[in-house]
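Here is the structure we will look at, set down as C-alpha cells.
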Amino acid sequence: MTVDPRNLRESATFPREVLAEIHRAADQGVYDIRGFGAKRRLPSFDDLVFLGASVSRYPLEGYRERCDTNVVLGDRFAEQPIELKIPITIAGMSFGALGANAKEAIGLACTAMGTSSTTGDGGMTEEERRSSKTLVYQVLPSRYGMNPDDLRRADAIEVVIGQGAKPGGGGMLLGQKITERVAGMRDLPVGIDQRSACRHPDWTGPDDLTIKIEELREITDWQKPIYVKIGATRTKFDVPLAVKAGADVIVLDGMQGGTAATQDVFIEHVGIPTLPAVRQAVQALQELDMHRKVQLIVSGGIRTGADVAKALALGADAVSIGSAAMVALGCNKPVHVEDYYAIGTEPGFCHHCHTGRCPVGVTTQDPALEARLKPEQAGRWLRNYLAVMTLELQTMARACGKSHVLNLEPEDMVALTVEAAAMAGVPLAGTDWIPGRI
Amino acid sequence: MTEFDLAEAPIRELNSRLHKLPPDTNERAWRIVNPRGAHSIAVGLTLPIEVRIEGHVGYYCAGMNKEATVVIDGQCGWGLAENIMSGTVRVTGNASQGVAATGRGGLVVVEGDAGARCGVSMKGVDIVVAGSIGHMSAFMAQRGRLVVCCDAGDDLGDSIYEAVIYVGGKTGRLGADCIEKEMTAEHVADLRAPLERAGIEADPTKFRRFGSARKLYHFNVDHADSY
C-alpha cells in the first residue's frame with residue numbers, strides 16, 4: 001500500500017525526536033549523558049542589538065582612537081588582584097575531560113593574550129601551570145587533586161558552587177576517560193566512572209561559605225583573589241549571599257554553559273539562560289552598592305565579540321568562554337571525519353566529549369587522538385580567536401562612543417523580542433517599553 | 001617553645017608567622033592559648049613543627065596540613081584537618097562534622113567522638129577515632145583507612161570507593177554499595193598500624209571491616225535504586 005503523505009501528521013507532543021528518545025531509553029535503560037551545553041533555542045544575546053552613535057551620540061574612530069580593554073579582578077580583599085589585558089577569560093575545564101595538550105594550548109593562548117585560564121575538576125597539571133601566566137585554581141565539591149601547594153601557586157582561587165549546565169548537580173567522568181594519570185590525580189582506580197559530588201564536603205550554606213573563604217584566604221595569606229562560581233538559577237539570592245560570604249569576584253554561568261558529561265535532561269531543563277541571569281546579578285550588586293567593587297564574570301553561550309560587548313553593557317566586568325574555546329581548538333571541525341562516524345556522529349553535531357574518543361584530540365586521554373592536537377598550533381588558533389573577539393568588542397564599543405569597553409551600558413542596547421526586553425531590562429526596539437517596568 | 005596568645009593577637013598574625021617560618025627554623029614547638037573557638041587556626045602549615053592549641057577551636061583547624069604535628073587540647077568544630085596532606089592532627093576531645101574531609105595523607109586522631117560525615121571523600125588519610133562517629137561517615141571515601149573504636153552511625157560508607165573502614169563497635173544501616181567484608185589476619189595487621197601510630201589501645205582482632213561492593217563503579221540500570 002502506498003503511503004499518502006497527506007495523512008502523515010506528526011504529533012506536536014510526540015515528534016520524531018521524542019519518539020526516538022523514548023525508544024533509546026527503553027533499549028538502553030539509562031538516561032542520555034553527553035557533553036556540550038543546551039542545544040535548544042533560548043533567549044540570548046542574539047536578541048539584543050546596539051544603538052550605534054548618530055546625531056545624539058558621538059562615535060570613536062574605528063581604527064584610530066583608543067578603546068581600552070583591560071580589567072582588574074579581585075581587588076576587594078586580595079592583596080594581589082588579577083590584571084587582564086582583555087575581559088575574555090577561559091572557563092574551568094578539567095584535566096580528564098580535556099587532555100593535557102588542550103590544557104597547555106589554552107594556557108599558551110591566554111598568556112599571549114594577557115588573560116587567564118582556569119583549572120577544573122581533577123586538579124592542576126604541570127602543563128597548564130607552566131603555560132599559563134595567570135591561572136585560576138578551582139576548589140570544587142569533589143576536591144579531586146586538591147593540593148594546598150597548588151592553591152599557593154595559583155593566581156586566583158575559584159570556589160565552584162555550581163555550573164550553568166547542571167546547577168544543583170554533580171559531575172560524571174565516565175570510565176573510558178580514566179587513564180592512569182587521571183586516576184592518579186584523583187586518587188581513584190583506573191577505568192571506573194568517577195562521580196563528582198554536587199555539594200562541598202566540609203561546609204553547607206552561606207554562613208559556612210564565609211568561614212571556608214576565610215580559611216582559603218588564611219592559607220594563601222590574603223594574597224589571592226577568591227572567586228565564587230554559581231550556576232544561574234536563583235541568581236538574585238545567590239549573588240548577594242556570595243558577596244556577603246566575602247567573594248572578590250562572582251562567576252555566573254548561564255544554562256548555555258557547557259559540560260564534559262551530564263544528563264541531557266539536566267542540561268536542557270535546569271537553570272536559566274545567561275541573558276536574564278546577568279541582569280539579575282548586576283541588579284543585586286547594585287542594590288548592595290557592590291557593582292564594580294565585586295567583579296562579575298559571565299559565561300554560558302558567549303561566542304563572539306558582540307556577545308562579550310552585550311554582557312559588558314549589561315554590567316558584567318568580564319566574560320568566560322569554555323565551549324567556544326574548545327571549538328577554536330578544533331572541536332567539531334570537519335577533519336578526521338571517519339572518526340566522527342565511528343562514534344556515531346559527524347562534524348557540526350558532535351557532543352561526544354564523554355566518550356573520550358574526540359576525533360580532534362581536545363576531549364580525550366587517548367595518546368593517538370591527543371597527538372592530533374599540537375599545543376603550539378592549537379594555542380595559536382585560540383589566540384587568534386580571542387584577538388578577533390577583542391577586535392569585535394572594541395568595534396561595538398567605539399560605535400557607541402566608548403573609550404573603554406567597560407563604559408558600555410544598557411542604554412546602548414534595545415531588544416528584538418518582548419522576552420529579551422523583559423529579561424535584559426532594555427526597551428523593545430522602537431519603543432520605550434521594558435516589560436515589567438512601568 | 002614559642003607561645004602565642006590569641007586573646008592578644010588575631011588569627012591572621014598567628015598564621016602569617018607560622019607560614020613565614022623558614023625550613024631551618026628553630027621555632028619548632030608552638031603553644032597557642034586562648035583559641036576561644038576561632039576558625040582557621042594553624043591552617044596551611046608546611047613544616048614539621050609541633051603546634052599545641054590549648055582550648056576549643058572552630059572550623060577548619062589545621063586545614064590542609066603538611067608535615068606539622070598539631071594537637072588540640074579541647075573540642076573541635078567542623079572540618080578538622082580538612083584535606084590534610086601529611087603530618088598528624090590530634091584532638092583530645094570531640095570533633096564536629098567532616099573530620100579530615102578529603103584528606104589525602106597523614107594521620108588524624110580523635111580521642112573522643114566525631115560527628116557526621118567523618119572522613120567524607122577521604123583520599124588517602126588515616127583517621128582513628130577512639131569513640132564513635134556520626135551518620136554518613138566515609139561518604140564517597142576514595143582511599144585511606146577510617147578506624148572507629150566504638151560505634152558508627154547510619155549510612156556508613158555510602159558510595160564508598162577503595163577506602164577501608166574498621167569498626168570496633170556497632171554499626172547502623174550501611175550506605176549504598178558499602179558491605180561488611182572478611183577480617184583476615186592481613187587486615188588485622190593492616191589495622192594495627194594506624195592504631196599504634198595513633199597511640200590508641202584497642203584489640204584489632206575485635207574489629208569488623210567494611211568496604212565497597214564495587215557495584216556502582218559502572219552504571220547498571222538494575223542498580224538504579226542504589227543511586
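For the reader, a short list of remarks on this structure follows.
- Model label zone, B:Asn220; criterion: amide N under 20 Å from point 7 Å along Cα-to-beta-carbon; scope region B:158-192: B:158-163, B:174-182
- Shielding by partners, peptide B:37-50 (average Cβ within 10 angstrom, other chains): 3
- Distance between the pseudo-spin-label points of A:Ala387 and A:Asp208 (7 Å out from Cα toward the beta carbon): 4.8 nm.
- Each helix, a run of at least 4 DSSP H residues, gives -39500 (n - 2.57); summed and divided by the residues of chain A, these come to -10000 deg cm²/dmol at 222 nm.
- Ellipticity at 222 nm from helices only: DSSP H runs of n ≥ 4 in chain B, each -39500 (n - 2.57), divided by the residue count, give -3000 deg cm²/dmol.
- Interface burial for A against B (accessible surface, 1.4 Å probe, total of both chains, Å², rounded to 100): 3400
- Kirkwood Rh, angstrom, region A:289-438 [1 / mean 1/r, Cα pairs]: 17.8
- Once you reduce region A:392-438 and region B:172-187 to the center of their Cα atoms, the two points are 61 Å from each other.
- Here region A:192-251 and region B:53-112 have alpha carbon centers that stand 22 Å from each other.
- Within 10 Å of each Cβ in B:102-111, the average number of Cβ atoms from other chains: 2
- In chain A, a dipole from Cβ-located charges (positive for Lys and Arg, negative for Asp and Glu) runs towards its positive end, and of A:Pro167, A:Ala109, A:Leu296 it is A:Ala109 whose Cα lies farthest in that direction.
- Pairs of Lys residues in chain B that lie 8 or more places apart, or on two chains, and have C-alpha atoms under 26 angstrom apart add up to 11.
- Note on A:207-220: average number of Cβ atoms from other chains within 10 Å of each residue's Cβ is 6.
- Volume per residue of the C-alpha convex hull in region A:50-111, rounded to whole Å³: 178
- Within a straight-line Cα-Cα reach of under 24 Å, A:Lys333 can be paired with the following lysines, leaving aside sequence neighbours fewer than 8 residues apart in one chain: A:Lys39, A:Lys103, A:Lys177, A:Lys374.
- The smallest convex shape that holds all Cα atoms of region A:33-424, its convex hull, gives 127 Å³ per residue.
- Of the solvent-accessible surface of the protein assembly as shown, computed with a 1.4 Å probe over protein heavy atoms with every protein chain present, carbon and sulfur atoms account for 52 percent.
- The charge dipole of the protein assembly as shown, taken about the Cα centre with unit charges on the Cβ atoms of Lys, Arg (+1) and Asp, Glu (-1), comes to about 900 debye, rounded to the nearest 20.
- Heavy-atom accessible surface of region B:97-226, averaged per residue, reaches 37 Å², computed with a 1.4 Å probe.
- Overall dimensions of the protein assembly as shown by Cα: Rg and Dmax, Å: 26.5, 97
- Histogrammed with a bin width of 5 Å, the alpha carbon distances of region B:97-226 distribute as 3, 13, 24, 26, 21, 9, 4, 2, 0, 0 percent, first bin at zero.
- Shown here for region A:17-57: trypsin sites (Lys or Arg not before Pro) in loop regions (DSSP other than H, G, I, E, B) with at most 12 other Cβ atoms within 10 Å, namely A:Arg40, A:Arg41.
The values are calculated or read from the model by the stated rules, or taken from the named source; none is laboratory data. Just so we're clear, the structure is a prediction, and the values are computed from it rather than from any experiment. Cβ: placed from backbone, ideal geometry, glycine included. Neighbour counts: every protein chain shown. Surface accessibility is based on the protein's heavy atoms, side chains included, excluding ligands, DNA and RNA. Shrake-Rupley method; radii C 1.70, N 1.55, O 1.52, S 1.80 Å.
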